[in-house]
Amino acid sequence: MKLEAEKKDLVQMDKEHLWHAMHRHKDSDTPMMATEGTGSWFTDTKGNKYLDGVSGLWCLNLGHGRKEIAQAAYEQMLQLSYFPLTLSHKPAIELSSKISEHLKGSYTTFFSNSGSEANEAAFKIARQYHNQNGNPGKYKFISRYRAYHGNTFGALSATAQANRRVKYDPAVPGFLHVPPPYSYRSPFGEQVENTDLLAAEYIDQVINFEGAETVAGVILEPFISGGGVLIPSKAYLTKVSEICKKHDVLLIVDEVVSGFGRTGKMFGFMHSDGVQPDIVTMAKGLTSGYLPLGATAVNSRIYEKFKEDGDLNHFRHVSTYGGHPASCAVALKNIEIIEKEQIVQRVAELSESTLSELFELTALDKVGEVRGVGFLFGIELVEDKKTKTPVSDVFMGKVIGVCKEKGLIIGRNGDTVPGYGNVLIIAPPLSSTVEDLQFVIETVKSVLYELC
Ligand code: PMP
């Protein structure tokens, strides 16, 4: 009885005081409230159990309830509760070194609290680097349409999804957008076969037209995730990397989603040969979502410029909580588990069989394309295969709703191009068991067989 009353109070307080992210607040609406979680599953206030097929916001890579991670935070908080990174502490030192080891190069890391902040730091570092390298005119950034890079003004300006920006424009000046490598809906015409290569060459053209002396960097995810799970050929990123080098434009790889095993490699850029990014940004999987942390790793060529003499040659950027000792301790434990349980290899192995099962769905009239890498899967739904007309919002809602009724949470690309939120997105925790994965596959298949 008491519990029921308490729940009712919470629902009322939620309605009155809690502003949810990305949510239309209506009086009739009662958002799902979770109470506990174990592994890939969580329980809501009604006692229903759900498999979280989107890992929270694609961050809960090791699933709920890892005692060692909680213990690491607890011990660190007792030992040194807070210390700023204008000075130093052991967890941050060890983590920066661990990140460099996994990036397979010599990298120095600046810590913040989120993916957006990691990208903001990357933009400032890139501009300052060029400035200190004798090229103060290099200030523009290039990103791809459909990309999401964060909610702060710089990161939002790199984000190229109309509906996310429309009420907040004008964006920060100096951010340019180019077509994504999206062969299913080629920006270069339906008959074109080498979309990826053309998309890479387009970047070269934009740099030439703008003047290489004005362009600071290209920012991209190795695989556009929230923008609809776009999986270009491996040659795409290699080509973009060569173009960047040719023009002295920094390659900034946003590994906020793809980092720490999501794609079946430790970092997504590692799928492509010869790519060693100038800057790598991370968040989400860095701590598996247990505590907030963002990271911006820069290679030694860039970092050297920040060590040179000069009153203003240091990076004039600070974040009170960035690199919090407890967050760094959590990240270290998270990476230790990823290594110990060989999570990355596991994802690579299980990805193939999962994908091939999902591919069977392409036999259905409404399934235009199934795409995926690692534990990141996209199913593009269309009215019919010939016209590729996207299915309606209502239909997408129905598919997601029926999956939920059956105990599976999946997502979609919400706001890329108006009317084109038609890609189902599945990104379960990387520690999901074989049975968990089977549940995901069977549920998605049964729902789509029923509705498509
Ligand atoms: N980059 C990418 C690719 C993301 O998907 C996100 C978050 N969804 C961000 C950056 C921003 O991360 P955060 O929400 O932690 O600021």
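Odds and ends about this structure:
- DSSP bridge orientation in the chain - percent antiparallel, rounded to nearest 5: 65
- Averaging the Cα positions of each part gives two centres, and for segment 290-337 and segment 159-206 these lie 30 Å apart.
- Once both labels are positioned 7 Å from their Cα atoms along Cα-to-Cβ, the gap between residue 385 and residue 308 label points is 5.8 nm.
- Using Cβ point charges alone (K and R +1, D and E -1), the dipole size of the chain about the Cα centre works out to roughly 440 debye.
- Sorted ascending by nearby beta carbons within 10 Å, beginning with the fewest, 446, 40 become 446, 40.
- Peptides 144-155, 176-187, ordered by how many other C-beta atoms sit within 10 Å of their residues on average, highest first, read 144-155, 176-187.
- Couplings for segment 387-393, taken from phi via the Karplus curve 6.51 cos²θ - 1.76 cosθ + 1.60 with θ = phi - 60°, read 7, 6, 4, x, 5, 6, 4 Hz in order; Gly and Pro are left as x.
- Scaling against 2.2 N^0.38 Å puts the C-alpha radius of gyration of the chain at 0.98.
- Whole-angstrom Cα spans of segment 1-116 along principal axes, big to small: 55, 29, 29
- Potential extension, residue 106-residue 24 segment - 0.36 nm per residue separation minus Cα distance: 25.0 nm
- Placed amide H near residue 382: partners under 5 Å, 5+ positions off or other chain: 367, 368, 391
- Rounded to the nearest whole Hz, the Karplus-based 3J(HN,Hα) values (6.51 cos²θ - 1.76 cosθ + 1.60, θ = phi - 60°) of segment 56-67 follow the sequence x, 10, 6, 10, 7, 5, 9, x, 6, x, 7, 4, with x at glycine and proline.
- Among 251, 209, 110 the positive-end extreme of the charge dipole of segment 67-340 (Cβ point charges): 110
- Between residue 70 and residue 433, the FRET efficiency estimated from the beta carbon spacing at R0 = 25 angstrom works out to 0.75.
- Cα centroid of segment 348-392 to Cα centroid of segment 404-437, whole Å: 12
- Within the chain, longest stretch clear of exposed GluC sites (Glu not before Pro) (DSSP loop, no more than 14 other Cβ within 10 Å): 1-189
Bear in mind that the values in this text are calculations on the coordinates, not laboratory data. Every value quoted in this text rests on a predicted model; they were computed, and no experiment measured them. Backbone-built Cβ (ideal geometry, glycine too); neighbour counts: all protein chains shown.
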